[in-house]
There are 2 protein chains.
Amino acid sequence: MRAISESRCFGGVQGVYSHASQVTGCDMTFGLFLPAEAETQPVPMLWYLSGLTCTHENAMTKAGAQRWAAEHGVALIFPDTSPRGADVADDEAYDLGQGAGFYLNATQAPWAPHYRMWDYISEELPRIVTANFALDEERQAITGHSMGGHGALTLAMRLPGRFRSVSAFAPIAQPTQSDWGRKQFTAYLGEDELSWRDHDATHLMNEYGCDGEVLIDQGATDQFLDLLRPEALANAMMRRRQPGAFRMQAGYDHSYWFVQSFIPEHLAFHAEALWR
Amino acid sequence: MRAISESRCFGGVQGVYSHASQVTGCDMTFGLFLPAEAETQPVPMLWYLSGLTCTHENAMTKAGAQRWAAEHGVALIFPDTSPRGADVADDEAYDLGQGAGFYLNATQAPWAPHYRMWDYISEELPRIVTANFALDEERQAITGHSMGGHGALTLAMRLPGRFRSVSAFAPIAQPTQSDWGRKQFTAYLGEDELSWRDHDATHLMNEYGCDGEVLIDQGATDQFLDLLRPEALANAMMRRRQPGAFRMQAGYDHSYWFVQSFIPEHLAFHAEALWR
């Protein structure tokens, strides 16, 4: 593992690190914010999964999360959204290939060799960060934006016991019924739609639900609402009696201005679960 | 109008009043909390509609709302839930007749003569309270619990422009599909189910939505969840992109302990809209 940069930030350290990933078969970069408390003790950690086209950098620089993570003594991890590199398969579309890993393990050519973001986020990267930094693996939470909200929700529901709380900003809520999902699942997982269901938050909510509370914010004037399908997930949450809240925020769109506006409440929400 | 009692409460006055209602054809009683600000100026008002079996008294004594209404300078009105009296039709069941008006105008015998709670809450009582107390009719909001949540939502959606904000605690969210609704609508409105739709919050949300923001709290272990059908209304809210929040509160049941726990947040929510 190699430190690309480390900068003082709200009394803690904002770092960017790179490592050779065995899972994805390429070098991977991630951002990590450690609050001041990490100098003396392991701290709880919040995963932030990003959306289509993003690298580790977008949320790190634009979500405005560090101030609140520092206030609550919580670390932030910003992984990349896909494998990268000249020998990694890609597509000209912004929503397939590099920058669009969809947090799953691809089974189809040409994606299968490198596109293993599920294993990377759920197994390899947690091992690496907990081995190298003062992080308490018993206290993890997860959030994400758009495709990253999809990732956060699906990881939380398929890894019961791992995350104490889960939240999402404008998640892709029902990808098996959306053009943000059907195209990618067909490419990465193949034509058998049964294999897609483990990556559909609405399906997983209907079948399993989340251990802890769930907080979801969605902009009411989000330009991608028809692709996100919040109504399906809200229905599933309430049908399951899933503790949590689904909020439709008047006037907000899909941008990081939306994320930035509500990140303080998400940090407070996770901190309550992480420090309980 | 006759004052039954007036008591100092959080610097204001908690009163109980009775009047002969032309609409319901009987004496009606209501509770009214006026904050201290009402001594010098008209204050904004929050309607609190109660649930099955309640009179004006239950929420007034058990919701714990006055402290927060005083803090925000907001008046509270607690109407009764039905006409009352020996010559008013009734039924032995707790969920039909007296204490179960469902906030509609009955068209069927024997209910039609007195059961006109829609007109009472939407027309007569507002006239009476604004004529007799320092209340600002331009600044109204509405909330309610269970059957009263149904009333709050349906009044807000069918009287656009009247209420700046609407909230509900464990509302009967889709009465046309619930045993809390079908029986009563058949009795009060007759067999024609088309006439029921104007009293179904999920239908109205699909068709019209609310002007302002909507806040709904529901207990996740409410013993009446199958009758309340929160999943239908949550789906309709998100499908409509209705600004607001639908929250499923872990461990709470249908009681006033649930209402009391979240009334501070509802008062803050309404105060923000009323004092904007």
Can you work out which of the residues in region B:14-25 that are surrounded by fewer than 18 Cβ atoms within 10 Å (Cβ to Cβ) and touching a residue at least 24 places away in the same chain (Cβ under 8 Å) is nearest to residue B:120 (Cα to Cα)? B:22
Over region A:200-242, the set of residues within 20 Å of the chain's Cα centre (by Cα), closer than 16 Å to residue A:180 by Cα and part of a loop (DSSP other than H, G, I, E, B) is A:200, A:222, A:224, A:229
Return only the number of the condition from (1) in contact (Cβ under 8 Å) with a residue 24 or more places away in the chain; (2) under 25 Å from residue A:53 (Cβ atoms); (3) more than 9 Å from chain B (Cβ to nearest Cβ) that residue A:218 does not satisfy. (3)
Set A:15, A:31, A:51: member being in a strand (DSSP E or B) and within 30 Å of residue A:179 (Cβ to Cβ): A:31
Every residue in region B:223-232 that is within 13 Å of chain A (Cβ to nearest Cβ) and not acidic (Asp, Glu), please. B:223, B:224, B:225, B:228, B:229, B:230, B:232
Report yes if residue A:136 is in a loop (DSSP other than H, G, I, E, B) and either in contact with a Lys or Arg (Cβ under 9 Å, 6 or more places away or on another chain) or not hydroxyl-bearing (Ser, Thr, Tyr) (or both), otherwise no. no
Please enumerate the residues belonging to region B:93-115 that are closer than 18 Å to residue B:55 by Cβ and surrounded by fewer than 17 Cβ atoms within 10 Å (Cβ to Cβ). B:93, B:94
Determine if region A:166-179 includes at least one residue that is surrounded by fewer than 17 Cβ atoms within 10 Å (Cβ to Cβ) and in a loop (DSSP other than H, G, I, E, B). yes
Within region B:1-24, which residues are in contact with a Lys or Arg (Cβ under 8 Å, 6 or more places away or on another chain) and closer than 18 Å to residue B:85 by Cα? B:17, B:18, B:19, B:23, B:24
Looking at region A:233-248, which of its residues are farther than 14 Å from residue A:153 by Cα and either more than 9 Å from chain B (Cβ to nearest Cβ) or aliphatic (A, V, I, L, M) (or both)? A:238, A:248
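Residues are listed down the side, and each one gets a yes or a no for (1) closer than 13 Å to residue B:148 by Cβ; (2) not β-branched (Val, Ile, Thr):
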{"residue": "B:53", "(1), (2)": "yes, no"}
{"residue": "B:60", "(1), (2)": "yes, yes"}
{"residue": "B:66", "(1), (2)": "no, yes"}
{"residue": "B:80", "(1), (2)": "yes, yes"}
{"residue": "B:88", "(1), (2)": "no, no"}
{"residue": "B:105", "(1), (2)": "no, yes"}
{"residue": "B:110", "(1), (2)": "no, yes"}
Anything in region A:187-240 that is of a type in the set (Asp, Glu) and either modelled with pLDDT of 95 or more or buried (at least 21 other Cβ atoms within 10 Å of the Cβ) (or both)? List them, or say none. A:191, A:192, A:193, A:198, A:200, A:207, A:213, A:217, A:222, A:226, A:231
Residue A:7: passes all of (1) within 15 Å of the chain's Cα centre (by Cα); (2) part of a strand (DSSP E or B) but (1)
Looking only at region B:249-275, count every residue that is within 12 Å of chain A (Cβ to nearest Cβ), out of contact with any Leu (no Cβ under 8 Å at 6 or more places or on another chain) and in a helix (DSSP H, G or I) and tell me the total. 2
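The values are calculated or read from the model by the stated rules, or taken from the named source; none is laboratory data. Owing to the predicted nature of the structure, the values given are computational and were not obtained by experimental measurement. All Cβ positions, glycine included, derive from the backbone under ideal geometry; neighbour counts span all protein chains shown.
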